[in-house]
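Below is one structure, written out as structure tokens, with a few remarks after it.
The values are calculated or read from the model by the stated rules, or taken from the named source; none is laboratory data. No experiment lies behind these values; they were computed from the predicted model shown. Neighbour counts are summed over all protein chains in view; Cβ atoms, including those assigned to glycine, are modelled from backbone coordinates with ideal geometry. With ligands, DNA and RNA removed, areas are computed over all heavy atoms of the protein, side chains included. Shrake-Rupley method; radii C 1.70, N 1.55, O 1.52, S 1.80 Å.
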Amino acid sequence: MEEGKMDENEWGYHGEGNKSLVVAHAQRCVVLRFLKFPPNRKKTSEEIFEHLQNIVDFGKNVMKEFLGENYVHCGVSDLFTSQFMGRFCIDIILCAQRYGYAMCLPNLTRLQTYHFAEHRPILCVEIKPKCGFIPFSSDVTHEMKHRVCRYCMHQHLKVASGKWKKISKYCPLDLYSGNKQRMHFALKSLLQETQNNLRIFKNGELIYGCGDARSPAADLKDLAHHLKPFFFPSNGLASGPQCTRAVIRELVHVITWVLLSSSEKGRAGTLRPRLRGPRVCEASPFSRSLNRQGKNTSEHSGLPKGCLLYKTLQVQMLDLLDIEGLYPLYNRVERYLEEFPEERKTLQIDGPYDEVFYQKLLDLSTEDDGTVAFALTKVQQYRVAMTAKDCSIMIALSPCLQDASSDQRPVVPSSRSRLAFSVSVLDLDLKPYESIPHQHKLDSKIVNYYSKTVHAKDDAVRPARFKERDDCTLVLHKV
Ligand SMILES: O=P(O)(O)O[C@@H]1[C@@H](OP(=O)(O)O)[C@H](OP(=O)(O)O)[C@H](O)[C@H](OP(=O)(O)O)[C@H]1OP(=O)(O)O
Ligand SMILES: Nc1ncnc2c1ncn2[C@@H]1O[C@H](COP(=O)(O)OP(=O)(O)OP(=O)(O)O)[C@@H](O)[C@H]1O
């Protein structure tokens, strides 16, 4: 293929979500992210371009600031800076006339570069960790929300509605704990029940996880087979269930190591909400089992401040009031907009997501002075927090070259060889203002379902457990 020329055959389906469809180039380390728009909502090309620009600006002016520039790839701005991408861009515009607009981004399942694919194997793990804290807001009315995290409660509704077949043992609070044992448990649980929270790619191709019809039918044994070139089992076994276990354990350890690693570059750390709320979710099977053994689950080693999980958690905690405290403030903004619809632009509801927008997000006060300005700040912070609660982390791993000095990337030790790695965040599109009423309804639905069904069942079981303990005490007395 001639360099810079758009040939449809060179592009293959890569993945999709509700908002976008992603195609990857066979040779180059780039993807095109096409935005999906509902066909009934016809947009002019100016509107589409503005939407695209807003996505790029939000990544550049807000998320890069919060998460650090090493982790966030905005893509399109690069598109216009290099001559190569400049030619590429013209092709994209042609393509866009047929399919809609697209953003060109580095293919994060390969390496963090626009260059042609390298010939060394690359493994990529994509994790959607979801919300890593329990709400601490005094506006929360459902007591259950102070004890069980949203992900764990939501699991029950998802299984009941048929979205997934089985309740996952994964709890985001375990992954965000910084405690290696809890993190290992969380990652193993994700591997057992991937749902839409874990995907693994090898040389850019999906080999594990996904959850939809395109999912490759792989089990842990197949996965271990794929992983062997990266992790030679330290027990020396080349096959069998023990080898599978050893390889998977190695993967879990490497991912934990990478997630706890810190990137020093960038102007991150501007946001300092105090990490608050319970550190353990009562529904997590890990803490339940420790509880049963009478061990303390609240101890945790904490996340290093420079790591991506810590930074993501801080952005998630911009949800200071919880949807229950936020919803009345959303209604205040709504009432104001009904009266002054022309103010929507000034309030920057739909952008631009510039420096002014960013600066307002830094005001962490929760003292309501009754103004629209206060309500608006909390609404915008909530949207940013929701974005961080739904983003994904991509970890790319590749064996180091013999001449490791030529490799600029950080390195994680593994049993077979050292692995160069990169960590990036994706799906950082700001959540729409309009989704707030939906969030409010969904929140009650999740908590009510959990309280009525699961917790009621737990209560019915609990007296039996206490009985067990009483019996035990009696036996001891008798002896
Ligand atoms: O509300 P949640 O927690 O279920 O999150 C939605 C995700 O469901 P999940 O629970 O991760 O399976 C949901 O994921 P799926 O499409 O189910 O894979 C979307 O990411 C959705 O975002 P958007 O509305 O497309 O911008 C997500 O909606 P937002 O709440 O982030 O707007
Ligand atoms: N830069 C990238 N490099 C490699 N793969 C990518 C890249 N961007 C997206 N993908 C893949 O495409 C999938 C869909 O992309 P994305 O999450 O951006 O879609 P979305 O429509 O915004 O998702 P959602 O429904 O969660 O809002 C991702 O889960 C990921 O596997």
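Here are some notes:
- Area accessible to solvent at Asp368, 1.4 Å probe radius, in Å²: 80
- Exposure rank, largest accessible area first [Lys445, Lys228; 1.4 Å]: Lys445, Lys228
- Counted by Cβ distance under 10 Å from Pro352, the other residues give a net charge of -4, where Lys and Arg count +1 and Asp and Glu count -1.
- Ranking by accessible area, most exposed first, for Arg292, Arg418, Arg147 with a 1.4 Å probe: Arg292, Arg418, Arg147
- Of all accessible heavy-atom area on the range 15-75, the percent that carbon and sulfur account for (1.4 Å): 50
- Heavy-atom accessible area with a 1.4 Å probe sorts His438, His225, largest first, into His225, His438.
- Extended-chain gain in nm, criterion 0.36 nm per residue less alpha-carbon gap, Gln192 and Thr371: 59.6 nm
- Sparse packing (at most 11 other Cβ atoms within 10 Å of the Cβ) combined with a DSSP loop state is found for none of the chymotrypsin sites (Phe, Trp or Tyr not before Pro) in the range 322-397.
- Rounded to the nearest 10 Å², the accessible area of Glu126 at probe 1.4 Å: 20
- Residues whose placed amide H lies under 5 Å from that of Ile207, excluding near-sequence neighbours: Ile200, Phe201, Lys202
- Among the listed pairs Lys145/Lys188; Lys158/Lys305; Lys305/Lys452; Lys202/Lys445; Lys145/Lys345; Lys158/Lys221, a Cα-Cα separation exceeding 31 Å is found for Lys158/Lys305; Lys305/Lys452; Lys202/Lys445; Lys145/Lys345.
- For the range 331-412, the solvent-accessible area of protein heavy atoms averages 48 Å² per residue (probe radius 1.4 Å; ligands and nucleic acids excluded).
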